[in-house]
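Rule-based calculations on the coordinates, nothing more; no lab input. This one's a predicted model, so the numbers in the text were calculated from it and none came from an experiment. Note that each Cβ is placed from the backbone with ideal geometry, even for glycine, and that neighbours are counted across all protein chains shown.
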Amino acid sequence: MASKQMLALAAAILALAVLLPVRAAATEHLVGDDNGWVLNFDYAAWVATKQFRVGDTLVFKYKKPNHTVVEVGGADFANCTKPATANELGSGEDRVALDKEGRRWFFCGVKDHCQKNMKLKITVLAAGALAPEAPPPPPPSSPAGKVQPRVAHAVAAVIAGAAAMLVL
Ligand SMILES: [Cu+2]
């Protein structure tokens, strides 16, 4: 009995291993990692360690109302100018969807925080662009749209098998 449970567990782990690469496609980037969105942090250095892709999300975490998040254009970013029409976020945990490729510029709209370098400039890459260590794309003969349902089907079969073993 114990060995059957072990098998079921192994099957469940295998199912997870199959699922994980699919889920890893979209990343939530906690800006500044554990530091959050604060003064006296080098966001340019932080950005240099990350890759941002279409479908990812930026999460700005901070103690409100100490800071805010304003998205601006490149010129306003350079000059720390907050346009009158700017959409200023201030929830303390602001989520920004990276829904298109290209540059995005953000800074804190409180007092002189932008001048004190509380600003973030990123480049969003295409969703399908590969990281250097990522595996090669599937051959053209397997349409991308059919990969995910097939994986889901395989996982369902493995889970069903694991459940059957537990019942027996
Ligand atoms: Cu601030």
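Ignoring lysines fewer than eight residues from LYS63 along the same chain, the ones with Cα atoms less than 17 angstrom from its Cα are LYS111, LYS119.
Each of HIS67, HIS29 was scored by other Cβ atoms within 10 Å of its Cβ. Arranged with the fewest first, they read HIS29, HIS67. With each label modelled as a point 7 angstrom along the Cα→C-beta vector, the THR81-LYS121 pair spans 1.6 nm.
Extending 7 Å from the Cα toward the beta-carbon at both LYS50 and GLU88 defines two label points whose distance is 2.3 nm.
Taking Cβ atoms as reference points and 13 Å as the exclusive limit, the residues near CYS114 contribute a net charge of +1, counting Lys and Arg as +1 and Asp and Glu as -1. Residues whose amide H lies under 5 Å from that of VAL124, counting only those 5 or more places away or on a different chain, are GLY102, ARG103, ARG104; hydrogens are built 1.01 Å from N in the peptide plane.
By the rule of a C-alpha distance below 17 Å, with chain neighbours fewer than 8 residues away ignored, the aspartates and glutamates paired with LYS82 are GLU71, ASP112. Taking amide H as placed 1.01 Å from N in the peptide plane, the amide H of VAL110 sits under 5 Å from that of THR68, each at least 5 places away or on another chain.
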